[in-house]
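Undergrad: Please read through the structure below; I'll follow up with questions.
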Amino acid sequence: MAVLIRSKTPADLSERDVTNEKHYWHRRDFIKIAGASAALVGSGLIGCENGGESAQASAEPPAAVTGLTKSPLSTAEDQTDYADATSYNNFYEFGTDKSDPARYAHSLVTDPWTIEIGGAVNKPGKIALEDLLAQHSLEERIYRLRCVEAWSMVIPWIGIPLASVLPRFEPTGNAKYVAFKTLHDPKQMPGQNRRALQWPYREGLRMDEAMHPLTILATGMYGREMPNQNGAPLRLVVPWKYGFKSIKSIVSIDLVANQPDTSWNMQAAREYGFYSNVNPEVDHPRWSQAKERRIGEFRRRKTLPFNGYGEQVASLYSGMDLKKHF
Amino acid sequence: MIDKRSQQLAAAALGLLPATFLLFRFLTDSLGANPIEEITHETGEWALRLLLLSLSITPLRRITGRNSLVPFRRTFGLLSFFYALLHFSTWLGLDHFFDWQGIIEDIFERPYITAGFTAFASLTPLAITSTRGWIRRLGKKWTHLHRLAYFAAIAAVVHFWWLVKSDVTEPRYYAAALGVLLAARLVPRR
């Protein structure tokens, strides 16, 4: 007799799996408290509900994307508010304050956009974004995103697996790593006028990480095209690594033989490793990585190894000392 | 001419404006995506700004020769402590939610928190002994004790410097301001 069991995919952690009981409060609860206190004060301050929630709130959201395929790799957890995900960003190309990207990223021109693919491939060249995407069908992937600064979000990305893109350029036997670069143009990215990091922003993955089914190139989120402040028009999403690995506004992809330079590692090698897998056991030298604040929640929650994607990706690192290769 | 008492009250009212605005933003849910972080950053920065303002009174008095400035040293000093207390309680209560193990670990193992805690711990006795009674009781010792304010300011700037990820522009401004204030103390009295 066949029994149908709908098994949970490992990515499909519910909130109960992460926190045993309701020992965190939701941001909405935080707001209710605020509302109650306002009533107590009787000050009549409430009434300007959206008093500047974000710069994004008033801006026109990007165009909707239709015909998306759902993915079994998605999590069913509560998604972060769109307004929060588009107003609280680390994208130093537009400034180091988290509100800077939403404020200044409008100067980025995302159409036309070309990506240069080179290095150890038989078919190098420049390709227009629409040609890169033409033969793929877009998927929705709802992933947890854990920032190295100990906060996290749940974001419904739209994209395609990187593993379905790379083979088109026929990597040679020398392709051991993939190196990515962000656009470098201080006119469009005013934050690049200051040397907060060495521009252009660089990131990299080992070949097996790049070819892992969880790794995607994203072109949108929340059923819409990618907002500029989130890395339009094309960004990487690697959900088991700290957010800074998921490089934004990509203009070049190189397949290389040796481990490539990566921006935060160049900035502070002691603090940011090449791998940067989410790991509650390995603290940042200046702060703990054991817990995180999920945006929208009040209490901190425990950080999971590989951001909860351990069942899918831990095998990539078997035999490696992850305290050394942090 | 406004009398001294009203001037001080006006300064205090002005100094409480950022807190009022923060409360307003809290009540209207306009603190952004990470309200706790926003409260922490705002209260911390105001504590530092007001501490530097308080430290600027003595050099200003020396330059202008106006002794009437002296009471503002206490006004700004106490306001700074008020924001430092908010900053510290936010971290303790909202951020850590009284997770004592995490709190103790942070204080001893994270240098930037050690520095911040040191600044707060140095300001506390200064706030307590800011009353007329304590000034009288401590006499000359009071002046020595209150030099701790400089130490607190150094610790606070270090705290800020050590917590930023890569862009030290802002902490650098505060360090420069503090440098000027410290240098001003080296100029011999006229």
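Undergrad: Please give the number of the condition A:Asp111 fails out of (1) open to solvent by 60 Å² or more (accessible area, probe 1.4 Å); (2) in a loop (DSSP other than H, G, I, E, B); (3) within 14 Å of chain B (Cβ to nearest Cβ).
TA: So A:Asp111 meets the others, but not (3).
Undergrad: Moving on to the next point. How about region A:291-305: which of its residues are within 11 Å of chain B (Cβ to nearest Cβ), part of a loop (DSSP other than H, G, I, E, B) and open to solvent by 40 Å² or more (accessible area, probe 1.4 Å)?
TA: A:Arg299, A:Arg300
Undergrad: Further question on the same structure: Residues to consider are B:Val180, B:Val158; find the one that is buried (at least 19 other Cβ atoms within 10 Å of the Cβ) and either of a type outside the set (Lys, Arg) or part of a helix (DSSP H, G or I) (or both).
TA: Answer to the check: B:Val158.
Undergrad: Something else: For region B:10-47, what are the residues that are under 20 Å from B:Val164 (Cα atoms) and of a type in the set (A, V, I, L, M, F, W, C)?
TA: B:Ala33, B:Ile36, B:Ile39, B:Trp46, B:Ala47
Each row is one residue, and each column tells you yes or no for (1) aliphatic (A, V, I, L, M); (2) at pLDDT 95 or above; (3) in a helix (DSSP H, G or I); (4) open to solvent by less than 10 Å² (accessible area, probe 1.4 Å).
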| position | (1), (2), (3), (4) |
| --- | --- |
| A:Pro233 | no, yes, no, no |
| A:Lys248 | no, yes, no, no |
| A:Val251 | yes, yes, no, no |
| A:Leu255 | yes, yes, no, yes |
| A:Pro260 | no, yes, no, no |
| A:Asn265 | no, yes, yes, no |
| A:Arg270 | no, no, no, no |
| A:Asn307 | no, yes, yes, yes |
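Undergrad: A further question follows. Within region B:110-155, track down each residue that is within 13 Å of chain A (Cβ to nearest Cβ) and either hydrophobic (A, V, I, L, M, F, W, C) or surrounded by 15 or more Cβ atoms within 10 Å (Cβ to Cβ) (or both).
TA: Scanning region B:110-155 gives B:Arg110, B:Tyr112, B:Ile113, B:Thr114, B:Ala115, B:Gly116.
Undergrad: Oh, and also: Tell me, yes or no, whether region B:69-82 has at least one residue that is within 14 Å of another protein chain (Cβ to nearest Cβ), on the phi < 0 side of the Ramachandran plot and small (Gly, Ala, Ser).
TA: No; the residues of region B:69-82 include none that is within 14 Å of another protein chain (Cβ to nearest Cβ), on the phi < 0 side of the Ramachandran plot and small (Gly, Ala, Ser).
Undergrad: Separate question: Limited to region A:264-282, what total is found for residues that are touching a helix residue (DSSP H, G or I) at 6+ places or on another chain (Cβ under 8 Å) and over 21 Å from A:Phe91 (Cα atoms)?
TA: Summing the residues that are touching a helix residue (DSSP H, G or I) at 6+ places or on another chain (Cβ under 8 Å) and over 21 Å from A:Phe91 (Cα atoms) in region A:264-282 gives 3.
Undergrad: Given the criterion under 20 Å from B:Arg61 (Cβ atoms) and touching a helix residue (DSSP H, G or I) at 6+ places or on another chain (Cβ under 9 Å), identify the matching residue among B:Val168, B:Val164, B:Val158, B:Val180.
TA: Sole residue among the options that is under 20 Å from B:Arg61 (Cβ atoms) and touching a helix residue (DSSP H, G or I) at 6+ places or on another chain (Cβ under 9 Å): B:Val180.
Undergrad: Which condition number in (1) open to solvent by 60 Å² or more (accessible area, probe 1.4 Å); (2) under 30 Å from B:Gly93 (Cα atoms) is the one that B:Asp29 fails?
TA: Result: B:Asp29 passes all but (1).
Undergrad: Can you pull out every residue in region B:89-106 that is part of a helix (DSSP H, G or I) and either within 11 Å of chain A (Cβ to nearest Cβ) or open to solvent by less than 20 Å² (accessible area, probe 1.4 Å) (or both)?
TA: B:Thr90, B:Gly93, B:Leu94, B:Asp95, B:Gln101, B:Gly102, B:Ile103, B:Glu105, B:Asp106
Undergrad: Could you count how many residues in region A:271-288 are closer than 21 Å to A:Arg206 by Cβ and either within 12 Å of chain B (Cβ to nearest Cβ) or without any contact (Cβ under 8 Å) to a residue 24 or more places away in the chain (or both)?
TA: Number of matching residues: 2.
Undergrad: Could you list, ordered by first residue, the pairs with Cβ atoms under 6 Å in which the first is in region A:172-188 and among the small types (Gly, Ala, Ser) and the second is buried (at least 17 other Cβ atoms within 10 Å of the Cβ), at least 6 apart or interchain?
TA: Once the first residue is among the small types (Gly, Ala, Ser) and sits in region A:172-188, its partners that are buried (at least 17 other Cβ atoms within 10 Å of the Cβ) give A:Ala175/A:Ala120; A:Ala175/A:Leu255; A:Ala179/A:Gly204; A:Ala179/A:Asp254; A:Ala179/A:Val256; A:Ala179/A:Pro260.
The values are calculated or read from the model by the stated rules, or taken from the named source; none is laboratory data. Given the structure is predicted, the values throughout are model-derived calculations rather than measurements. Don't worry about glycine lacking a Cβ; one is built from the backbone with ideal geometry, like all the others, and counts go over all protein chains shown. Note: areas computed on protein heavy atoms with side chains; ligands, DNA, RNA excluded. Shrake-Rupley method; radii C 1.70, N 1.55, O 1.52, S 1.80 Å.
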